[in-house]
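What follows is one structure encoded as structure tokens, with my remarks underneath.
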Amino acid sequence: MEEKSGMIGKWLKKHLHLYVAATRHNFVLSIRDGSVDLSNFKKWLAQDYIFVREFVPFVASVMIKASKTSDDKNDMEAILGGLTSLNDEIDWFKQEASKWSIPLSGTIVHKANENYCMFLSSLMLPEVEYAVAITAFWAIEAVYQESFAHCLEEDNKVSQELQETCKRWGNEKFGHYCRSLQNIANRCLEKAPDHVCARAEVAFQRVLEHEVEFWNMSHEGVGKSIDIV
Ligand SMILES: Cc1ncc(CNC=O)c(N)n1
């Protein structure tokens, strides 16, 4: 009998080092302690805008899988809620980019970003089970929620101009949303056959690895990027 925290609770313990690497990355800690280099922040913002635009069809594909396979109609509605908030999010990125005068069009896609987006595409394939897709979706959201909630803890030294970014993902409402995704994923995993659970666990680890690479990229030069026409 799985303990209350379910399969994901077990994986969070088993892969704690990777989860901490993704949610307490030096880039995140530098935002929290106010030492972040603004040029690194701007690099991250421009790349994340590209990522979120690729994330939208991925979330739509999870919603389609939910509509086809889930036994609980709330799943699709929860995922639809996430999709609609991404609509506001893209507008927010455009406003932030103009505030920082970051030209969004023509941004060179960094290799780590391109790899992450290719991973998202692989999860959109119809043969990828819903339990695998919803686990990856939860993990992607949870990494940002945990990272930016950490930045908002008391005794943080986040600069005034970065407060809004931290609040975007670090707020309690998004935290509640991530917990609802976690519950949906756990319910799916409880019912999934072992080989599907194994695939979901691998997807969870891959998300964490890609998130670490994504944070790393804001430290490196743009050298390792490629042109996407
Ligand atoms: C690289 C990455 N991972 C997770 C998120 C959070 N989800 C949508 O906003 C994000 N924006 N970017």
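The values are calculated or read from the model by the stated rules, or taken from the named source; none is laboratory data. Small disclaimer: the values here were computed from a predicted structure and weren't measured. Cβ sites come from the backbone with ideal geometry, for glycine too, and all protein chains shown count toward neighbours. Accessible surface areas use protein heavy atoms only, side chains included; no ligands, DNA or RNA. Shrake-Rupley method; radii C 1.70, N 1.55, O 1.52, S 1.80 Å.
What the table shows:
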item: Residue within region 164-175 that is acidic (Asp, Glu) and either in contact (Cβ under 8 Å) with a residue 60 or more places away in the chain or surrounded by fewer than 17 Cβ atoms within 10 Å (Cβ to Cβ) (or both) present; result: yes
item: Only listed residue being assigned to a loop (DSSP other than H, G, I, E, B) and either aromatic (Phe, Trp, Tyr) or at negative phi (or both), chosen from Val36, Val28, Val20; result: Val36
item: Per-region count, region 100-120, residues free of Cβ contacts under 8 Å to residues at least 60 places away in the same chain and not hydrophobic (A, V, I, L, M, F, W, C); result: 4
item: Enumeration of residues in region 28-37 that are open to solvent by 60 Å² or more (accessible area, probe 1.4 Å) and out of contact with any Ser or Thr (no Cβ under 9 Å at 6 or more places or on another chain); result: Asp33, Ser35
item: Unmet requirement for Asp155, which otherwise passes all of (1) surrounded by fewer than 19 Cβ atoms within 10 Å (Cβ to Cβ); (2) under 30 Å from Cys197 (Cβ atoms); (3) charged (D, E, K, R); result: (2)
item: Residue within region 186-196 that is in a helix (DSSP H, G or I), within 16 Å of the ligand (Cβ to nearest atom) and modelled with pLDDT of 95 or more present; result: no
item: Which listed residue, of Leu125, Leu104, is at pLDDT below 95 and not in a helix (DSSP H, G or I); result: Leu104
item: Any hit, region 60-78, residues being in a helix (DSSP H, G or I), within 16 Å of the ligand (Cβ to nearest atom) and open to solvent by 50 Å² or more (accessible area, probe 1.4 Å); result: no
item: Single unsatisfied condition, His110 versus (1) touching a strand residue (DSSP E or B) at 6+ places or on another chain (Cβ under 6 Å); (2) at pLDDT below 95; result: (2)
item: Answer from His25, His15 - the residue that is touching a Ser or Thr at 6+ places or on another chain (Cβ under 9 Å) and either surrounded by fewer than 19 Cβ atoms within 10 Å (Cβ to Cβ) or touching a residue at least 60 places away in the same chain (Cβ under 8 Å) (or both); result: His25
item: Qualifying residues in region 128-171 (those that are more than 16 Å from the ligand (Cβ to nearest atom) and assigned to a helix (DSSP H, G or I)) - the one farthest from the chain's Cα centre (by Cα); result: Gln160
item: Region 213-229 - residue that is surrounded by fewer than 18 Cβ atoms within 10 Å (Cβ to Cβ) and at pLDDT 95 or above and, of those, nearest to the ligand (Cβ to nearest atom); result: Glu213
item: Residue ID - most open to solvent (accessible area, probe 1.4 Å), chosen from residues in region 105-126 that are aliphatic (A, V, I, L, M) and more than 21 Å from His219 (Cβ to Cβ); result: Met118
item: Filter result (assigned to a helix (DSSP H, G or I) and among the polar types (S, T, N, Q)) within region 79-101; result: Thr84, Ser85, Asn87, Gln95, Ser98
